[in-house]
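Structure, as structure tokens:
Nothing in this text is a laboratory measurement; each read-out follows from the coordinates by a stated rule. Because the structure is predicted, anything quoted here is derived from the model rather than measured. Every residue, glycine among them, receives a Cβ derived from its backbone with ideal geometry; neighbour counts consider all protein chains shown.
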Amino acid sequence: MSDTSEPYAAIDLGSNSFHMIVADYVDGRALVVDRIKEMVRLAGGLDKNRRLTDEASDRAVQCLEKFGQRIKSIPTSNVRAVGTNTLRQARNGLGFLARANNALGHKIEIISGREEARLIYLGVANTIFNDTDKRLVIDIGGGSTELIIGKGYDANVTESLFMGCVNISERFFKNGEISAKSMRKAKIAALQEVKNIQEHYKAHGWDSVVGTSGTIRSIQNVLLEKQWSHDSITPESLYQLKKTLVDLGHIDNIDFTSLSSNRKPVFTGGVVVLSAVFEALGIESMNYSDGALREGLLYDQIGRQHDRDVREKTVDRLMLRYSVNTAYAEQVANTVNRVFAAAMSSWKLDKSTDAKILRWAACLHHIGLAISHSQYHKHGAYLLTYSDLPGFSREEQTVLSTLVRAHRRKFPLDVFQQYIDEDVKSRLIKLSIILRLAIVLQRGKHDSNENNFEIQVKKNSITILLEQNWLEKNPLTEADLAAEADYLSVTEYKLNYKDEQQELK
């Protein structure tokens, strides 16, 4: 094995199963060394108030403790864990995440449905690469179904629908009975979900269809076992499977050799979802791929560590879309780096994660101008909150939005109250102050290489030292610094500034 081997791990907290994949990155390739899967059925643990039951939470934590033992020796920067549909829904998700993070020994991110779809496509693309065909990829999870149209490694159309093998089974086959009536009702409900994207997807078109996930693999295995299909899933084979399930009448009577006992309670729901997708989109044939969310997550994390971070592309695309002055944004970003370097040690900031999110906020702080100059910081925050940002977790997206919202005018302490963790809140206030100061110091400048200030940060005190007579030559910036000192007075941080001709202000 190469001396440059790096261990990586990706953990997918799905609504039905938890998956972990461990790989060594050697000579530009990811070599999988371990796979672990546990059927946790998190979606089945959501009560009528959309709260995770103690029983479901305990199952999940026990599984994550096992995963945590396996990845204990892997560097934190090489581990990524994400939660999907059920954790997006759970009203007590924050409390569960605190336990889950502790059990795993790593932070778990909640990703949006579209980000989940992008990562699924990336997993498939890295498993069966094809840069000529446009592909439709379908993944049926426990609580959602992702549909992606892409080519090569790029996912071009992504969607996540609120239907999966667990929630459809719970809703229409909860008592285990399978009848023609319940099958019909379940299919109509699934068709209603697909209807919202039906015409949009058909208009884009595709050359081939690929299915992934445990649900589709189970369906294919049963079809092959019964010889209803020989190499792919077809509408005719799905019809035969549905008819057989109705004839069996109850999940206890399902006796397919290739179907595990753990999969039986949610198998019928998965068949209904796939059948509805086939019908709504007019699919004639589907092949299966082992690549899925965890593989996509793995390759995405490797990319982040090797200068192939999709978040950089997302920021560039947003700047282009909203006509951001890139030269000015770059100046602010460079000044952010200088202020950050001065504050990093005293404020115990992370050179990797904190510096990155600050730089992105600096690049995007003007996007709200595309809507209106008035209150543009609020418009920018809104855009970042509700836009589809490939590569960003929900938390990262919220942080980015918060930094842009707080970058000017009165310091909005109320915006930071959404963060329950006091350490997180304190860190984001510090990052906001850094961004605000960088923007003030760049006011009206055209030369990003100017070295006309020095900044000192000691605990709660920030001191800006400027060149001789600089404040006299830049009265607007002096006024901005005075205003900023006043704005920051609502925080525990004090801003001082002077040039060589002035006393400290």
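Assorted remarks:
- Gln240 versus Lys498: modelled label distance in nm, points set 7 Å from Cα along the beta carbon direction: 8.8
- Two-decimal Rg to Rh for the chain - Kirkwood Rh, Cα set: 1.04
- Residue-span extension gain [Glu65 to Asn175] - 0.36 nm each, minus C-alpha spacing: 36.4 nm
- A straight Cα-to-Cα reach below 15 Å connects Lys66 with the aspartates and glutamates Asp12, Asp34, Glu38, Asp58, residues fewer than 8 places away in its own chain not being considered.
- Scaled against 2.2 N^0.38 Å for its residue count N, the alpha carbon radius of gyration of the range 129-288 is 0.99.
- Filtered trypsin sites (Lys or Arg not before Pro), the range 33-66: DSSP coil and at most 16 other beta carbons within 10 Å: Lys48, Arg50
- Extension gain, Asp421 to Val490: 0.36 nm times the residue separation minus the Cα-Cα distance gives 22.9 nm.
- The alpha-carbon of Lys181 sits under 20 angstrom from the alpha-carbons of these lysines, leaving out residues fewer than 8 places away in its chain: Lys242, Lys243, Lys264.
- Charging the Cβ of each Asp and Glu at -1 and of each Lys and Arg at +1, and nothing else, the dipole of the chain about its Cα centre rounds to 1200 debye.
- Here the range 309-499 is treated as an ellipsoid with the same Cα gyration tensor; its semi-axes, largest first and in whole Å, are 25, 19, 16.
- Distance between the 7 Å Cα→Cβ label points at Val26 and Glu330: 4.1 nm.
- Derived scalar couplings ³J(HN,Hα) [the range 263-278; Karplus, 6.51 cos²θ - 1.76 cosθ + 1.60; whole Hz; x for Gly, Pro]: 7, 3, x, 10, 5, 4, x, x, 4, 5, 4, 5, 4, 5, 5, 4
- The simple spin-label model puts a point 7 Å past each Cα toward its Cβ; for Ser285 and Ser73 those points are separated by 4.6 nm.
- Mean Cβ neighbour count within 10 Å, used as a protection proxy, ranking 174-183, 187-196 highest first: 187-196, 174-183
- Partner aspartates and glutamates for Lys195 [C-alpha distance under 16 Å; skip if fewer than 8 residues away on the same chain]: Glu146, Glu159, Glu279
- Taking 0.36 nm per residue of separation and subtracting the Cα-Cα distance, full extension of the segment from Ser5 to Leu94 would add 28.5 nm.
- ³J(HN,Hα) computed for each position of the range 284-300 - Karplus, 6.51 cos²θ - 1.76 cosθ + 1.60, integer Hz, glycine/proline x: 9, 7, 9, 9, 10, 10, 6, x, 8, 4, 5, 5, x, 4, 4, 5, 5
- Distance-filtered residues of the range 470-500 - backbone nitrogen under 19 Å, label point 7 angstrom along Asn452 Cα→Cβ: 470-485, 496-500
- Links that overshoot a 29 Å alpha carbon limit, given the list Lys378/Lys458; Lys48/Lys151; Lys48/Lys356; Lys378/Lys494: Lys378/Lys458; Lys48/Lys151; Lys48/Lys356
- Dipole magnitude of the range 309-499, debye to nearest 20 (Cβ charges: Lys/Arg +1, Asp/Glu -1, about Cα centre): 220
- Estimated FRET transfer efficiency when R0 is 22 angstrom, pair Ile128-Arg308 (beta carbons, to 0.05): 0.65
- Calculated on alpha-carbon atoms, Rg and Dmax of the range 1-159 in Å: 16.4, 53
- Amide hydrogen proximity for Ala81: with H placed 1.01 Å from N in the peptide plane, the residues at 5 or more positions away or on another chain lying under 5 Å are Ile11, Glu109.
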